[in-house]
Amino acid sequence: MFGSVGFRLGQRAAIGICPAPQGIVLVHLAADSAAWTVTESCAAACTWAAGDDAAVLASCVRAELLRAGWDKMPLALALPLDETEITEWELPVPLVGEELRSALLWSLCAERGESAETTSMCLCCDAVGDAIRPRYWTAQVDRVRVDGFFAAFAAEGLHLRRLTVCPPAGGTSRELIAQALVPHMPWEIENAADDAAELSAVYAGLLFRRDAPAHLYWDVGRPLRAV
């Protein structure tokens, strides 16, 4: 009902996903002339926990997408915090995009005595400080694990194009998340969704906005590490 899958500028609809103890939360977001809005939400009956096989998650998601008729949509997945290592890091100047990701990667590797050129660490990040003392929240995941999620979804014929970790309360995207949820559209929720997972799923789906900074997520179409 929202057209064919297209990963071009001007994407008008997407699915955000986040695993939760009560089930896997999926939200459908659509864009109009004003903003992105959540139009529908559901929770898959199967559960998936951090550390579980990515193929199991992809299979569960596919079953729910087929049931909802969303299997041709572009997908964004927010990983649970247990899948990551979280740190906060201060930089001398404010940065954005791949430049920010690269600077943080080099800084974190230097502290650990690793080489940024050979590290298996992938990170996404979000600002938590001001322009005078720029500080960043970072989520780090091993590259093999990140690659594994993209591969598992592709093996199921699914279009996973964004992988992320949601910062506390949505980070710098919190106002966009609130706008996406209010005013409420008619919701079709078959199972009770976990509030934190729902927020994370909306956060993930909003990464398809044209102005979503690249440092917030890993993209299947770009290098996962910037070094």
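Note on the stretch 103-115: residues that are open to solvent by 40 Å² or more (accessible area, probe 1.4 Å) and not in a loop (DSSP other than H, G, I, E, B) total 4. Based on this model, can you work out whether THR118 counts as over 22 Å from PRO213 (Cβ atoms), of a type in the set (Ser, Thr, Tyr) and open to solvent by 80 Å² or more (accessible area, probe 1.4 Å)? Against the criterion (over 22 Å from PRO213 (Cβ atoms), of a type in the set (Ser, Thr, Tyr) and open to solvent by 80 Å² or more (accessible area, probe 1.4 Å)), THR118 qualifies.
Could you please find all residues in the stretch 94-137 being among the basic types (Lys, Arg) and touching a helix residue (DSSP H, G or I) at 6+ places or on another chain (Cβ under 6 Å)? Walk me through it before giving the result.
Taking the stretch 94-137 as the starting set, the residues that turn out to be among the basic types (Lys, Arg) are 101, 112, 133, 135.
Of everything in the stretch 94-137, just one residue is among the basic types (Lys, Arg) and touching a helix residue (DSSP H, G or I) at 6+ places or on another chain (Cβ under 6 Å), namely ARG101.
Just one residue in the set VAL146, VAL141, VAL128 is under 30 Å from ARG67 (Cα atoms) and in contact with a strand residue (DSSP E or B) (Cβ under 9 Å, 6 or more places away or on another chain); that residue is VAL146. Of the helices (runs of 4 or more DSSP H) that lie entirely inside the stretch 133-217, those containing 2 or more residues that are at pLDDT 95 or above and crowded, with 19+ Cβ neighbours inside 10 Å span 143-155, 195-205.
Take the stretch 32-46 and flag every residue that is part of a loop (DSSP other than H, G, I, E, B), of a type in the set (Asp, Glu) and in contact (Cβ under 8 Å) with a residue 12 or more places away in the chain. I'd like the intermediate steps shown before the answer.
The first filter runs over the stretch 32-46 and keeps only residues part of a loop (DSSP other than H, G, I, E, B), leaving 32-35, 45-46.
Right, trim to of a type in the set (Asp, Glu) and you get 32.
Within the stretch 32-46, no residue meets the criteria.
On inspection, GLU64 does not qualify as over 19 Å from CYS166 (Cβ atoms), of a type outside the set (A, V, I, L, M, F, W, C) and open to solvent by 60 Å² or more (accessible area, probe 1.4 Å). Determine whether LEU91 is in contact with a helix residue (DSSP H, G or I) (Cβ under 9 Å, 6 or more places away or on another chain), of a type in the set (A, V, I, L, M), free of Cβ contacts under 8 Å to residues at least 60 places away in the same chain and open to solvent by less than 20 Å² (accessible area, probe 1.4 Å). In short, yes.
The values are calculated or read from the model by the stated rules, or taken from the named source; none is laboratory data. This is a predicted model, so every value here is computed, not measured. Here the Cβ is made from the backbone with ideal geometry for all residues, glycine too, and neighbour counts use every protein chain on show. Accessible surface is based on the protein model in full, side chains and every heavy atom, while ligands, DNA and RNA are left aside. Shrake-Rupley method; radii C 1.70, N 1.55, O 1.52, S 1.80 Å.
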